[in-house]
Amino acid sequence: MSALQPSELDRPALARGRPAAGAYPGTASAALRRAEFGDRLRSLALAAPLLLLLALSFGIPIVLLLSRAVYDPTIADALPRTSQALADWNGQGLPADAAFIALAADLSENQAKGTAYELAKALNARLPGARSQVLKTVRQLEGAAGKPPLEIVKAVPFWSAPGTWPTISNGTHALTSFYLLSALDLRWNADGGIERVPPEQAIFLQVFLRTFFVAAAVTLATLLLGFPLAYLIASVPKGLAAILIVAVLLPFWTSILVRTAAWTVLLQKFGLVNDMLLWLGFASERLDLMYSRIGLIIAMTHIQLPFTLLPIYSVMRTIAPSQMKAAYSLGARPFTAFRRVYLPQVFPGVMAGCLLTFILCLGYYITPALIGGASDQLISNFIANYVNVELNWEMAAALSFILLVFTLALFGIFARILGLDRLKMV
């Protein structure tokens, strides 16, 4: 063997200056992970101002509002002595006289601080009629001339009623399930179980069912109107399609309040809709469409039609007409080709449009308030009433929380059936 040619034994020694290929398999992947992590940090830094703005203007206020559905310290803060006196009470019958004396002291202190009305309102939310009784007792305590507070409190029949002290005892806990249960027409009974409220007090489940029914009816109506129109727009020449798209988007040029006000004119007993129904022969007499559910559905369908149509059209325009021709050439009948070739491809757009319309309908407020009757108000109208009229933020938060849970559950069902990656909104 020549001295100029290294032997096989010498070759590893000559190669020690550089690592063999694949000697450090984790080095490249680790470097790649570091690079991807750096890219994520830079992307997060760019999006940080927007995320902070969303958190401050939307996320935190929503969380604070919803937290009031389970957190109400008004009674606990207003009745500290009563809370302590009821700590050992078993909830049966009436508490000891010490609880009445403590209640009188707390009521007098609230009157001095100017918070008696807030306490009365909080108790009234849990026990109807409590507001007037609390304020009456406060006035009697304030005007008593040397009369023992125990006698004054016991002289008011309200404080000896069976349900008063259990309600006060439950209210002395800041964390409560009262409002969430009330939003579902439920309540705690004397035995510590959950029961339905009396039928004359059960309103919220009916309102939720009405809200979901109206939303489903509007969604179905917009689908029946929007699907053929979207198919027409996707099939005609581009010039005519542009005109039709402008006609569809035309309602967006005016506010929802203006459109709803216009429908209040059209749906009058002597309005254009009744005139058209009589002229076409669909009705023999004028109908009461205003302040009715059918009028509400008609107005909401007009407003929501673009939201259902546009996702469907965005999918339809991506389907090549040659696919249907190929199905015909293979022997498929028109309906079979539509059902097995065209409809499966349009289905994600249909589901996205229906989901968008349904969720938006759940939060309608202006249209039901102006066009719907007293029996057609949706859950959003009740939430607004609790916020603006009754100033009961806890009940409004509970209804909002239940509505949010229902909406997220519906979205989860859609996502489970269809898959988020297939939902095409535009």
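Of note:
- Estimated translational D of region 278-324 in µm²/s (Stokes, Kirkwood radius over Cα pairs; 25 °C; 0.890 mPa s): 175 µm²/s
- Choice from 341, 138, 214 with maximal GNM fluctuation in the chain (Cα, 10 Å cutoff): 341
- Shape of region 135-195, Cα gyration tensor, a/c cut at 1.5: prolate
- One quarter of the surface of the convex hull around the alpha-carbon atoms of region 259-304 equals 3.0 nm², the direction-averaged projected area.
- Cα pair distances exceeding 20 angstrom across region 317-426, given as percent: 60 percent
- When the chain is treated as a GNM with alpha-carbon contacts under 10 Å, the residue of 211, 308, 82 showing the greatest mean-square fluctuation is 82.
- Over region 125-170, volume per residue of the alpha carbon convex hull, in Å³: 71 Å³
- Per-peptide average of other Cβ atoms within 10 Å, ordering 32-38, 204-210 highest first: 204-210, 32-38
- C-alpha long axis of helix 379-388 to longest principal axis of the chain, angle in °: 50 degrees
- Measuring nothing but alpha carbons in the chain and taking Rh as the Kirkwood radius, the Rg to Rh ratio lands at 1.20.
- Under 16 Å of direct C-alpha separation, and excluding same-chain neighbours fewer than eight residues apart, residue 113 reaches these lysines: 121.
- Rounded D (µm²/s) - region 176-310, Kirkwood Rh over Cα pairs, Stokes-Einstein at 37 °C, 0.692 mPa s: 179 µm²/s
- Stokes-Einstein diffusion coefficient of region 70-188, Kirkwood radius over Cα pairs, 10 °C, 1.306 mPa s, in µm²/s: 110 µm²/s
- Test item: Cα-centred dipole of region 149-206, Lys/Arg +1 and Asp/Glu -1 on Cβ, debye: 80 debye
- Taken over the C-alpha atoms, region 134-241 has Rg and Dmax values of 27.8, 92 angstrom.
- Relative to the dominant Cα principal axis of the chain, helix 293-316 is inclined by about 20°.
- Mean residue ellipticity (222 nm) of the chain, computed from DSSP H runs ≥ 4 via -39,500 (n - 2.57), nearest 500: -20500 deg cm²/dmol
- Most positive-pole-ward Cα, 233, 282, 80, against dipole of the chain from beta carbon charges: 233
- Evaluating 6.51 cos²θ - 1.76 cosθ + 1.60 at θ = phi - 60° for every residue in region 235-252, the Karplus couplings come out as 9, 7, x, 4, x, 5, 4, 5, 5, 5, 5, 4, 5, 5, 7, 4, x, 5 Hz, glycine and proline recorded as x.
- Dipole moment magnitude, nearest 20 debye, the chain about Cα centre, only Lys, Arg, Asp, Glu C-beta charged: 1760 debye
- Under 16 Å from the Cα of residue 154 - lysines, other chains or at least 8 residues apart: 136
- Evaluated with a Cβ-only charge set (Lys, Arg +1; Asp, Glu -1), region 93-175 carries a dipole of roughly 240 debye about its Cα centre, given to the nearest 20.
Rule-based calculations on the coordinates, nothing more; no lab input. Here the structure is a predicted model, which means the values were calculated and not measured. Cβ sites come from the backbone with ideal geometry, for glycine too, and all protein chains shown count toward neighbours.
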